[in-house]
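Q: Please see the structure below; I have some questions.
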Amino acid sequence: MGGLRIGVDVGSTHTDSVLIDERDSVIAAVKARTTKDVTTGIMNSLRQLLEKSGVDTADISAVMFGTTHILNAIVQREGLMRVGVIRIGAPATTAIEPMLDWPKDLRDAVGGLKTIVQGGHEYTGEEIASLDEKGLRKAVTAFLEKGAEAFAVTSVFSIVNPDHELRAKEIIREIAPDKPVVLSHEIGSMGLLERENATILNAATIGVMKRTVESLRKGLEKLGLGEARMFFAQNDGTTASTDYIEKFPIFTVVAPISNSIRGAYVLTGIKDAIVADTGGTTTNVGVLNNGYPREALEIEISGVRTNIRSPDIVAIGLGGGSVVKVENGTVTVGPVSVGYRLIEEGVAWGGNTVTATDIALAKGVMRIDDPRCDPERARKLIPPGVVEKAYAVMVSMLEEAIDKVKTSPEPATVILVGGGSLMWPKKLSVAKEVIRPEHAQSANALGAATALIGGTVEKAFSYDHITRAEAIKAASEEAKTKAIAAGADPSTIEIVEVEEIALPYLPGNAVKIRVKAVGKMKPK
Amino acid sequence: MEIKLNKEDIKNLSLGAAVLGTGGGGDPYIGMLMAMQAIEKGKEITIVDVESVEDDAFVVAVAGMGAPVVMIEKIPSGKEAGFSLTSIERYFGKRADYVFSIEAGGLNSTIPLATAAEMGRLVPDGDGMGRAFPELQMVTFHLYGVRATPMSMADEKGNSVILDTVDNYWAEKIARAITVKFGGVAWISIYPMSGKDFKRAAVRGSLTKEIRIGEAIRDAKKHGKNPLDALLDATGGFLLFEGKIVDVIRRATGGFARGEATIEGLGDFRGSRLVIHFQNENLVAIRDGKVIASVPDLITVIERDTARPVTTERLKYGLRVAVIGIPCDPKWRTPEGLKVVGPRYFGYDIDYVPIEVAVRG
């Protein structure tokens, strides 16, 4: 068994894959069209990759996926499990029931089974009230009768004290030993409703994740990759084993966005920069912070507020396929895009739709290695005035998005990646340098292929009860345990991020500590 | 006038409250969901005109106080404010006919709605500020000699406390200490008064104004209007500036989130700079060295494209914003009013100039 690895990353237009060697050097990279079911597109991409590289499949030790299966399932409300939603918090919290402001069709899709039982903790870790075990048992039994396939448990201040969630899991296991139980303190951060929402979505997508793993495994077998291990990219720029990700599918929901940012680091070795990833329809602009994506505090998933760890990005509706319109002398670009039909509808390909790519071709800033592409046609058919105006609009949209993710006015290093990144100029007013590395169009797949195995935990402490050093140690140990559970080799684990956030207006020196641990793949 | 609120009204009111919150007042999200759940459960929230409040009616403000981070984790049962109301009613030996919002901004603009629904009381269309302010005595009632206490405080377990203090400053001090023992958040009934006093001292029309503002922003696109113009129409406000935030400095001192945001002009304002000084709320706006708006007039920062208000915590480099100024209630423009909430109270050595005068230059 060799040490080659494959990374696959699913975008809205293309599914990229890349084959790398032990030193993370690119051996081959391909692009296939993303399909509605996602899996077919992944398999097409992998097949092309194997054909192009011609390597012996036995030399490939791992396939790392960055996929949108989970996001699609939530957005399309398809294949979601019925979730028994249990909140532990009464007598507090009853004024806002679980899923109150969810879109109705999504609430229906997860079954709408919910209860609030007595229990939970104060910010100090003391009980608000004792856990109502009898009430909990009754609710679990009732949910099972109504067809619950998984359980989501959220207790007040469980990130300070998870005892009631842990006890609830034991009780549910007694009654329903074969049903998955998801605990909120393993999913999200401070903010009960947002953490509860993420926990419910996680529980609801466990079935989709299991089926995804199964179908990808079968697909790999057909390609002769049955022996390769599978990993799934996580939202925080790390990756995890199938066993782990089947328990925490929500951690993959925006992973492809992180893959591109992480890939930009791998391609350039630059740890702190702004990354703009331009695809066929959108450009995502994010920030590399010490080699990992800067994270946002909250993220809305299909109309539901959550607080899972996710990359902090500004997304604009501007990609290679974005449609250019002229109305009353005003030129607009996007958000409508021809997507993969660029090579049929784009002017340079003989079509009739003026796209952002046509503008860049006519302007002469990019070249495309495709015999069907004729920049001369774009130059002839698009009036020069429109080319100049449209290109100025495109550049100012990108510059504005870059400016929005910055934290200070100083010009930053900007790394351009993605299939559409060729259309950008070599200089940007907001950047001190613009870098478009080799293999930029495969940054996403490369980010997936090279990701380390990781775990992040967030816990709240009061420095009146524990010293700072002890608190950081406790959180670090937990992050390490999580990384090991995700498949990391214990001897290689290191802590790459410790963040300490004071909780204002609270006595007792209350703080929130977030720790990220990463490690290398465990040898087989 | 009598308006029974529906869920859309609640959404509009919360958004309008965020505009009048002038960057502070806390996230109205929790309060909005509480009111929406009450309506979903078939309870009624009815707003009545301030003028229709009877002289001998018993009127009480209800509010939440404490750490926002506790409020988003140990969210309320919805009964806490009711416990405090019951407690103050027992103390006075009479039923409160009306419950009202102490401020027209942030979380406490929606909490009384949920309490009114839960307890079956009416909500007068008025409040104690017409905006948001950070301290208990910064209400128009204070100007008219109404006392904050006797007040009551309660938690979700049903514990309650009555406070009767020598003045409104002691009320603030002792109440803070009790809040800690309640787990970081307390629910209070405060400024108990007669209908006569309420009519004399309240800022009128604030709830219906919040609803109008929210509606204007949310429906602007539907009516083919620019959200910013719709917002200016609904508030009677002035466009003070448009631009990009280029610097935000923050200092956490004395329990306040103080700081300054510098905005570089765009469009008609190119070449010009606006500095906003804030302490929880936006307090003073200075354009190219000249004060163009200050407390007690309202200064609100909104996202340029959507006209959605931006809280002071969310001010950050790169944001494209518009800044609007809205005249405050005339009660604040008296010498007594300016002593309590004028720029000098907040430590700025400037004279207050009403915004409609200042913008004319």
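The values are calculated or read from the model by the stated rules, or taken from the named source; none is laboratory data. Every value quoted in this text rests on a predicted model; they were computed, and no experiment measured them. When we count neighbours, we look across all protein chains shown, and the Cβ atoms used for this are built from the backbone with ideal geometry, even at glycine.
Q: Can you find a residue that is basic (Lys, Arg) and either in a helix (DSSP H, G or I) or facing chain A (nearest Cβ under 10 Å) (or both) anywhere in segment B:84-102? So that I can check it myself, show each step before the final result.
A: As a first pass, look at segment B:84-102 and keep what is basic (Lys, Arg): B:90, B:94-95.
Next, only the ones that are either in a helix (DSSP H, G or I) or facing chain A (nearest Cβ under 10 Å) (or both) stay: B:90.
Within segment B:84-102, one or more residues are basic (Lys, Arg) and either in a helix (DSSP H, G or I) or facing chain A (nearest Cβ under 10 Å) (or both).
Q: Now a separate question. Quick one: which residue in A:VAL430, A:VAL434, A:VAL395 is closer than 26 Å to A:GLY263 by Cα and free of Cβ contacts under 8 Å to residues at least 24 places away in the same chain?
A: Among A:VAL430, A:VAL434, A:VAL395, only A:VAL434 is closer than 26 Å to A:GLY263 by Cα and free of Cβ contacts under 8 Å to residues at least 24 places away in the same chain.
Q: Next question, about the same structure. Only residues in segment B:81-92 that are assigned by TED's automatic domain parsing to the domain that holds B:GLY158 count as the first member; pair them with residues that are part of a helix (DSSP H, G or I), Cβ under 7 angstrom, at least 6 apart or cross-chain, and list the lot.
A: Within 7 Å, the pairs are B:ALA81/B:ILE111; B:ALA81/B:THR115; B:GLY82/B:THR115; B:GLY82/B:GLU118; B:GLY82/B:MET119; B:LEU85/B:THR115; B:LEU85/B:MET119.
Q: Taking segment B:263-310 only, how many residues are part of a strand (DSSP E or B) and surrounded by fewer than 19 Cβ atoms within 10 Å (Cβ to Cβ)? Outline the logic, then answer.
A: In the first step, residues of segment B:263-310 are kept if they are part of a strand (DSSP E or B); the result is B:263-265, B:273-279, B:281-287, B:290-294, B:298-303, B:309.
Now narrow it down to the ones that are surrounded by fewer than 19 Cβ atoms within 10 Å (Cβ to Cβ): B:264-265, B:273, B:275, B:290-291, B:303.
Residues flagged as part of a strand (DSSP E or B) and surrounded by fewer than 19 Cβ atoms within 10 Å (Cβ to Cβ) within segment B:263-310 amount to 7.
Q: Sort out which residues of segment A:364-408 are within 14 Å of chain B (Cβ to nearest Cβ), crowded, with 16+ Cβ neighbours inside 10 Å and part of a loop (DSSP other than H, G, I, E, B), and write them in order of number.
A: Of everything in segment A:364-408, just one residue is within 14 Å of chain B (Cβ to nearest Cβ), crowded, with 16+ Cβ neighbours inside 10 Å and part of a loop (DSSP other than H, G, I, E, B), namely A:LYS406.
Q: Here is a further query. Quick one: is B:GLU51 of a type outside the set (Phe, Trp, Tyr) and either away from chain A (no Cβ under 13 Å) or in a loop (DSSP other than H, G, I, E, B) (or both)?
A: When the stated conditions are applied, B:GLU51 passes them.
For (1) surrounded by fewer than 21 Cβ atoms within 10 Å (Cβ to Cβ); (2) outside any strand (DSSP E or B); (3) touching a strand residue (DSSP E or B) at 6+ places or on another chain (Cβ under 6 Å), each residue gets a yes or a no:
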position	(1), (2), (3)
A:ASP24	yes, yes, no
A:ILE27	yes, no, yes
A:LEU49	no, yes, yes
A:LYS52	yes, yes, yes
A:PHE65	no, no, yes
A:ASN72	yes, yes, no
A:LEU80	no, yes, no
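Q: Right, next: State which residue is farthest from the chain's Cα centre (by Cα) when the search covers only segment A:100-146 and only residues that are of a type in the set (A, V, I, L, M), surrounded by 20 or more Cβ atoms within 10 Å (Cβ to Cβ) and within 11 Å of chain B (Cβ to nearest Cβ).
A: Checking each candidate, the answer is A:ILE128.
Q: If you don't mind, there's one more thing I want to ask. Here are some conditions: (1) of a type outside the set (A, V, I, L, M, F, W, C); (2) farther than 22 Å from B:GLY342 by Cα; (3) not assigned by TED's automatic domain parsing to the domain that holds B:ASP56. B:GLY237 meets all but one. Which one does it not meet?
A: If we test B:GLY237 against (1) of a type outside the set (A, V, I, L, M, F, W, C); (2) farther than 22 Å from B:GLY342 by Cα; (3) not assigned by TED's automatic domain parsing to the domain that holds B:ASP56, just (2) comes out false.
Q: For the structure I just gave you, tell me whether A:ALA150 is within 14 Å of another protein chain (Cβ to nearest Cβ), crowded, with 19+ Cβ neighbours inside 10 Å and among the aliphatic types (A, V, I, L, M).
A: Here the answer is no, as A:ALA150 does not meet what is asked.
Q: Being more than 14 Å from chain B (Cβ to nearest Cβ), part of a strand (DSSP E or B) and at pLDDT below 95 narrows it down to one residue among A:GLU438, A:GLU478, A:GLU470, A:GLU500; which is it? Spell out the reasoning first.
A: Numbers: A:GLU438 fails: part of a strand (DSSP E or B); A:GLU478 fails: part of a strand (DSSP E or B); A:GLU470 fails: part of a strand (DSSP E or B).
The unique qualifying residue is A:GLU500.
Q: Also, quick follow-up: Taking B:PHE182 and the conditions (1) at pLDDT 95 or above; (2) crowded, with 17+ Cβ neighbours inside 10 Å, which numbered condition does it fall short on, given that it satisfies the others?
A: It is condition (1) that B:PHE182 fails.
Q: Could you tell me which of the residues B:GLY106, B:GLY126 is touching a residue at least 24 places away in the same chain (Cβ under 8 Å) and either in the same structural domain as B:LEU283 (by TED's automatic domain parsing) or closer than 13 Å to B:VAL59 by Cβ (or both)?
A: Among B:GLY106, B:GLY126, only B:GLY126 is touching a residue at least 24 places away in the same chain (Cβ under 8 Å) and either in the same structural domain as B:LEU283 (by TED's automatic domain parsing) or closer than 13 Å to B:VAL59 by Cβ (or both).
Q: Additional query: Would you mind stating whether A:GLY7 is within 19 Å of A:THR252 (Cα to Cα), in a loop (DSSP other than H, G, I, E, B) and more than 14 Å from chain B (Cβ to nearest Cβ)? If you could, list the steps in order and put the result at the bottom.
A: On the way: within 19 Å of A:THR252 (Cα to Cα): yes; in a loop (DSSP other than H, G, I, E, B): no; more than 14 Å from chain B (Cβ to nearest Cβ): yes.
Spelling it out, it is not the case that A:GLY7 is within 19 Å of A:THR252 (Cα to Cα), in a loop (DSSP other than H, G, I, E, B) and more than 14 Å from chain B (Cβ to nearest Cβ).
Q: Taking the stated definitions as given, is B:ALA35 assigned to a loop (DSSP other than H, G, I, E, B) and within 19 Å of the chain's Cα centre (by Cα)?
A: So B:ALA35 fails the test.
Q: Can you tell me which residues in segment A:82-99 are at the interface with another protein chain (Cβ under 10 Å from one of its Cβ atoms) and in a loop (DSSP other than H, G, I, E, B)?
A: A:PRO91, A:ALA92, A:THR93, A:THR94, A:ALA95, A:ILE96, A:GLU97
Q: Here's something else I'd like to know. Mind listing whichever residues of segment A:108-128 are of a type in the set (Asp, Glu) and either in contact with a Lys or Arg (Cβ under 6 Å, 6 or more places away or on another chain) or within 19 Å of A:ARG82 (Cα to Cα) (or both)? Steps first, please.
A: Our first condition is that a residue be of a type in the set (Asp, Glu); within segment A:108-128, this holds for A:108, A:122, A:126-127.
Listed by number, the list holds a single entry, A:ASP108.
Q: Any idea how many residues of segment A:127-186 are among the basic types (Lys, Arg), farther than 18 Å from A:ASN202 by Cα and not in a helix (DSSP H, G or I)?
A: The total comes to 1.
Q: Can you find even one residue in segment A:448-463 that is in contact (Cβ under 8 Å) with a residue 40 or more places away in the chain, assigned to a helix (DSSP H, G or I) and surrounded by fewer than 22 Cβ atoms within 10 Å (Cβ to Cβ)? So that I can check it myself, show each step before the final result.
A: Of all residues in segment A:448-463, those in contact (Cβ under 8 Å) with a residue 40 or more places away in the chain come to A:448-463.
Checking which are assigned to a helix (DSSP H, G or I) leaves us with A:448-450.
Then keep just the ones that are surrounded by fewer than 22 Cβ atoms within 10 Å (Cβ to Cβ); that gives A:450.
Yes, that holds for at least one residue.
Q: Filter segment A:223-257 down to the residues that are closer than 23 Å to A:ILE493 by Cα, in contact with a strand residue (DSSP E or B) (Cβ under 9 Å, 6 or more places away or on another chain) and assigned to a helix (DSSP H, G or I) and list them by number.
A: A:THR242, A:TYR244, A:ILE245, A:PRO249, A:PHE251, A:THR252, A:ALA255
Q: Counting only residues that are over 27 Å from A:GLY339 (Cβ atoms), surrounded by fewer than 23 Cβ atoms within 10 Å (Cβ to Cβ) and out of contact with any Lys or Arg (no Cβ under 7 Å at 6 or more places or on another chain), how many does segment A:267-309 have?
A: Total satisfying the criteria: 10.
Q: Which residue out of A:VAL254, A:VAL331 is touching a helix residue (DSSP H, G or I) at 6+ places or on another chain (Cβ under 6 Å) and among the hydrophobic types (A, V, I, L, M, F, W, C)?
A: A:VAL331
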